[in-house]
Amino acid sequence: MEAYFDNSATTRVLDSVKEIVIRTMTEDYANPAARHKKGMEAEQYIRQARAEIARTLKVQDKEILFTSGGSESNNLALIGGALANQRAGKHIISTAIEHPSVYNPMEYLEELGFEITFLPVDRDGHISLKELSDFVRQDTILVSAMYVNNEVGAVEPVDEISRAIKEKNPRTLFHVDAIQAYGKYLIRPQKQGIDLLSVSGHKIHGPKGVGFLYIRDGVKIKPMIYGGGQQNNMRSGTENVPGVAGLGVAAREMYTDHKEKVEHLTELKDYMTDCLEQMEGVRVNSKRGDESAPQIVSASFEGVRGEVLLHALEERGIYVSSGSACSAHHPGVSGTLKGIGLPQNLLESTIRFSFGMFNKKAEIDYCTEVLKELLPVLRRYSRR
């Protein structure tokens, strides 16, 4: 049996996504900028995808900018937003548990002379709203916070964060990394006071190599890719029609019968949590209920290195993660796990299980039985 529990790293595409990607690669394959009929047909896929995505957020079509994925969306929002607004100030705020595609651009901006403040989090992975408010200044041009933490699933109080920012400085832009949240939550940028929102296609059963950045109408962003002036001069380069078309279909599918889809994920998460909590020497780091995302369970296994357990499970056809896939080339102790105060002996003993639309309870049963078999053996070897 195979059990794929690494959906926060990437998801298997939906059949409807696969079909439109193949069609736009083999039939409607023209350059969308071409002035002939086939070019116009290709352009129509982009327009339709933009409209589908805008509809899921209740925003204007023109506020959706297609990118190569979540990392580019985050980089464009942060670097492009900072450079375009630096006359108003050079102070930026973020959190201590951000994804590398936010944290590393912040370091780059620091090299350019921007002042970056990183807010700590509590044991549930949440920032202090009072502390945030205290740090917002008249020269604070941007605040960036993830909606859902990719490692433990902590959900930040986005609405309250926005209010705290805007009450202190209405001109401060609020960027939200929604890469693990889009498709799982009903997100309304205008109502929630979000100015910039990053999304990735392959986290919602869409293709890899495509995503989008919501840019509220009127927000100034400096482009990072120059050339032919595609997408209203905001991101030059021939559009990835198969990727964009697939992303549009994935977005539509995820928000069709949305409540039932989220209930399915929540049921899987609660079931896995129940199974893990019954095992000796296992600590579940993800919370239940609204304060944690429905698709992520982080658990620490006392006396076993996460990397060792990952490969032991892999040999039995079970695929999990021992951290963020995007930081795999820069291994080290997770800043998120440190941030939530995980004991030292568990920092390198943590595994993430993440669910998608294709998972079933039977796979969790199989994983549970394998864990019960493996853990005593691995702990015995680790003590030698």
- Please work out the C-alpha center-to-center distance from segment 220-255 to segment 125-158 and express it in whole Å. 27 Å
- Please give the peptides 175-188, 230-243 ranked by average Cβ packing (other Cβ atoms within 10 Å per residue), highest first, as a rough proxy for protection. 175-188, 230-243
- What residues from segment 243-271 fall in the zone where the backbone N is under 16 Å from a label point 7 Å along the Cα-to-C-beta line of Lys18? 246-247, 250
- Item | Most to least accessible of Glu253, Glu156, Glu115 (protein chains only, probe 1.4 Å) | Glu115, Glu253, Glu156
- Task: Provide the three semi-axes, in whole Å and in decreasing order, of the ellipsoid equivalent to segment 181-232 as defined by the square roots of 5 times the Cα gyration tensor eigenvalues.
- Result: 22, 19, 7
- Note on the structure: With the 8 Å Cα cutoff and a minimum separation of six or more residues, the chain has a relative contact order in percent of 24 percent
- Carbon and sulfur together cover what percent of the accessible area of the chain at a 1.4 Å probe radius? 49 percent
- Using 1/(1 + (r/R0)^6) with R0 = 30 angstrom and r between the beta carbons of Asp290 and Lys208, what's the FRET efficiency to the nearest 0.05? 0.50
- Task: Using the structure shown, list the pairs from Lys166/Lys261; Lys18/Lys261; Lys90/Lys208 with a Cα-Cα distance above 26 Å, or answer none.
- Result: Lys166/Lys261; Lys90/Lys208
- Probe 1.4 Å, heavy atoms of protein chains only: per residue, the accessible area of the chain in Å² is 45 Å²
- Pair Lys38, Gln190: separation of 7 Å Cα→Cβ label points (nm): 3.9 nm
- Quick one: order Arg87, Arg288 from most to least accessible surface, probe 1.4 Å. Arg87, Arg288
- Lys, Arg +1 and Asp, Glu -1 on Cβ, resulting dipole of the chain about Cα centre, debye, nearest 20: 780 debye
- Note on the structure: Descending accessible area (1.4 Å probe), largest on the left, turns Met357, Met25 into Met25, Met357
- With label points set 7 Å from each Cα along the Cα-to-Cβ direction at Asp365 and Arg163, the distance between them in nm comes to 4.5 nm
- Apply 1/(1 + (r/R0)^6) to the Cβ-Cβ distance of His311 and Asn345, taking R0 = 25 Å, and write down the FRET efficiency to the nearest 0.05. 0.75
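The values are calculated or read from the model by the stated rules, or taken from the named source; none is laboratory data. The structure displayed is predicted, hence computed values, not measured ones. A quick note on method: Cβ atoms are made from the backbone with ideal geometry, for glycine too, and the neighbour counts reach across all protein chains shown. To get the accessible areas, we keep the full protein, side chains included, count just its heavy atoms, and leave off ligands, DNA and RNA. Shrake-Rupley method; radii C 1.70, N 1.55, O 1.52, S 1.80 Å.
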